[in-house]
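Encoded as structure tokens, the structure appears first; notes follow it.
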Amino acid sequence: MSWHPQYRSSKFRHVYGKAASKDKCYDCVPITCNVHDNHFCAVNPSFIAVVTECAGGGAFLVIPIKQTGKLDPHYPKVCGHKGNVLDIKWNPFNDFVIASCSEDATVKIWDIPKQLLKRNITTPKKELLGHARRVGLIEWHPTADNILFSSGYDYKIMIWNLDVSDTVLSKPVKILDAHKDVVLSMSFNTDGSLLATACRDRKIRVIDPRAGTVLQEGSYKSHKVNKVLFLGNMKKLFSTGTSCWNNRQIALWDQNDLSVPLLEEDLDGSSGLLFPIYDSDTHMLYVVGKGDGNIRYYEISPEKPYLSYLMEYRSQLPQKGIGMMPKRGLDVAACEIFRFYKLIPAKSLIEPISMIVPRRSESYQEDIYPLTAAAQPALTAQEWLNGINKGPLLVSLRPGSEAVNSLPQGILEPEPLKKATDLSPQQGGGGKISMEDKQKPVVIEDGRKRLKVEEKVPKNEEMCLSNGFDISECPPPKTENELLQMYYRQQEEIRRLRELVIQRDVQIKQLKLELRNLCT
């Protein structure tokens, strides 16, 4: 019988939130008064966009990320919608393209100039006309270029291919009409092959977006769901909502069984919505309360107790919305692992809040910055529509590093094995991954052992499952603390390698079964 310590060893036990000083905030920003339950803010390393008040239609501001301080009251806006703007999202692969949706039942794609705005932008790059009622949600696909999902109050989710020359699109490539009420939330898994939705009919659904089929559907009588989130490659869903006593509640679900939650917990009796935000690199989950100033954060583990409470950032100023900086825009020198942009309409203020791991060393901390999603798409729009799945391209956050690659499907996310091993010409998944990877040969650092992945990956590439620790760049440990850190890294590497071996065994069995079926 193995011995389990009563305490949890974690690198993120002492993470704390640090609000930016006044001169690094964005002041005098007219934040929207709309009561729609959305973030109202979108951030990338170049710009911060925030929905604002505007007479005679909907508008939002696009402010350069370094332009802090007081905002000019006559600062130009992006104002082409005829109704209130309900959601805005930056293209994950282009920092100068943003999508917006509105009460006027349209979705618009905007090109933002690289230089400072001097006049209002009123003409969009593309206009998507398909919904019969107002459009409340939009989401970009996480790995395929120019694929956009929109959800409206006509109970439909539409998939748009923006990789066309037309400026006005009226026919989406796919319409998902599995919902009987308004969709409140949408979330993709890591490679974008599955879509999770929360609906006003209290049901959570897991949908195959290309086939349009509902793979899982479930609801629980004591949990009224508002927001749902895929937890990366954990095969789990996380939802926020209210209990039958109107307490704010969180729940954790098995992706393949939505009948009963794995975990259910009441938080408090406040009435504001809870926004869940997951960082798949650190396995940390943030729960942001709308209408209060709190940000709770947890650590997710694949085994019980699944959810481990870490701490809570408290503030007296309530937030109406929240923006999140992508990992590539963080300050790694300050050990910043996440950054929020908090909308405070009472003071017309946008306040950055940095989540920091306290470290004494000023050098780059490999263990808290694993490989993260890069700003390049792994697939074209047509490849994804043809049925190919591929995980995101990965990049190291080490300053000066340029290593980018996409992990094989079996390593990044253990999706259904037919998708990972199908070599048919219709799917073309395995061969396509190898051809694309040959164009980007890369060596990613591994501190203990170099692992050569020979299945579907060329021999001249070396994949790594560690956090990028390179023994050639880091001297041997000199203190007991450094020795312990190296020991923990080795333990993590052993655990990852075991998972890889298990996944390979399963894939081998699947291939044997397919060969046997072909022979018979």
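The values are calculated or read from the model by the stated rules, or taken from the named source; none is laboratory data. Because the structure is a prediction, the values reported are computed rather than measured. When we count neighbours, we look across all protein chains shown, and the Cβ atoms used for this are built from the backbone with ideal geometry, even at glycine. The area values use the complete protein model at the heavy-atom level, side chains included, leaving out ligands, DNA and RNA. Shrake-Rupley method; radii C 1.70, N 1.55, O 1.52, S 1.80 Å.
The charge dipole of region 194-267, taken about its Cα centre with unit charges on the Cβ of Lys, Arg, Asp and Glu (plus for the first two, minus for the last two), comes to roughly 240 debye. Magnitude of the charge dipole for region 16-373, about its Cα centre and with charges confined to Cβ atoms of Lys, Arg (+1) and Asp, Glu (-1), is about 780 debye. Each of Ser170, Ser193, Val182 was scored by the projection of its Cα onto the charge dipole of region 155-197, and the greatest displacement toward the positive side belongs to Val182; charges sit on the C-beta of Lys, Arg, Asp and Glu. Placing +1 on each Lys and Arg Cβ and -1 on each Asp and Glu Cβ, with no other charges, gives region 33-117 a dipole about its Cα centre of roughly 260 debye. Projecting the Cα atoms of Gly232, His283, Pro92 onto the dipole axis of region 16-373, where Lys and Arg carry +1 and Asp and Glu carry -1 at the beta carbon, places Pro92 farthest toward the positive end. Across region 27-43, computed HN-Hα scalar couplings (Karplus, 6.51 cos²θ - 1.76 cosθ + 1.60, θ = phi - 60°) run 9, 6, 9, x, 6, 4, 9, 4, 9, 4, 8, 9, 6, 6, 8, 9, 10 Hz from first to last residue, x flagging Gly and Pro.
Which entries of Lys114/Lys327; Lys180/Lys221; Lys126/Lys174; Lys82/Lys347 show an alpha-carbon separation above 25 angstrom in the structure shown? The pairs that break the limit, which is 25 Å between Cα atoms, are Lys82/Lys347. Could you work out, for region 285-384, what percent of all Cα-Cα pairs fall into each 10 Å distance bin, beginning at 0 Å and stopping at the bin that holds the largest distance? Taking all Cα pairs of region 285-384, the binned fractions are 13, 34, 33, 18, 2 percent.
Derived scalar couplings between HN and Hα for region 229-243 equal 8, 6, 9, x, 9, 7, 6, 9, 10, 10, 9, 10, x, 10, 8 Hz in order, rounded to whole Hz, by the Karplus curve 6.51 cos²θ - 1.76 cosθ + 1.60 (θ = phi - 60°), x for Gly and Pro. Global size of region 16-373: 19.6, 56 Å for Rg and Dmax (C-alpha atoms, Rg to one decimal, Dmax whole).
For region 1-125, the solvent-accessible area of protein heavy atoms averages 52 Å² per residue (probe radius 1.4 Å; ligands and nucleic acids excluded).
In order along region 300-305, the Karplus-derived 3J(HN,Hα) couplings, from 6.51 cos²θ - 1.76 cosθ + 1.60 at θ = phi - 60°, round to 9, 10, x, 10, 4, x Hz, and Gly and Pro are given as x.
Within the shell of other residues whose beta carbon sits under 12 angstrom from the beta carbon of Cys25, the net charge comes to +2, with Lys and Arg scored +1 and Asp and Glu -1. Which values of log₁₀ I(q)/I(0), to two decimal places, follow from the Debye formula for region 69-165 at q = 0.13, 0.16, 0.18 Å⁻¹ with a uniform point scatterer at every Cα? Calculated log10 I(q)/I(0) at the listed q: -0.46, -0.68, -0.83. Between Ile295, Ala105, Ile356, the Cα set farthest toward the positive side of the dipole of region 16-373 (charges on each charged residue's Cβ, about the Cα centre) is that of Ala105. Of the listed pairs Lys125/Lys236; Lys11/Lys390; Lys235/Lys290; Lys18/Lys108; Lys108/Lys320, which have alpha-carbon separations greater than 32 Å here? Lys125/Lys236; Lys18/Lys108, as the Cα separations exceed 32 Å there.
For the peptides 75-84, 488-497, 327-336, residues were scored by their other Cβ atoms within 10 Å and the scores averaged per peptide; the highest-first order is 75-84, 327-336, 488-497.
Heavy atoms only, probe 1.4 Å: what % of the accessible area of region 16-373 goes to carbon and sulfur, would you let me know?
C and S fraction of accessible area: 48 percent.
DSSP finds beta bridges in region 5-159, and of those with both partners inside it, around 90 percent are antiparallel.
What does the C-alpha gyration tensor say about the overall shape of region 79-129? Classify as rounded when a/c is under 1.5, otherwise prolate if a/b is larger than b/c, or oblate. Since a/c reaches 1.5 but b/c is at least a/b, the shape of region 79-129 is classed as oblate.
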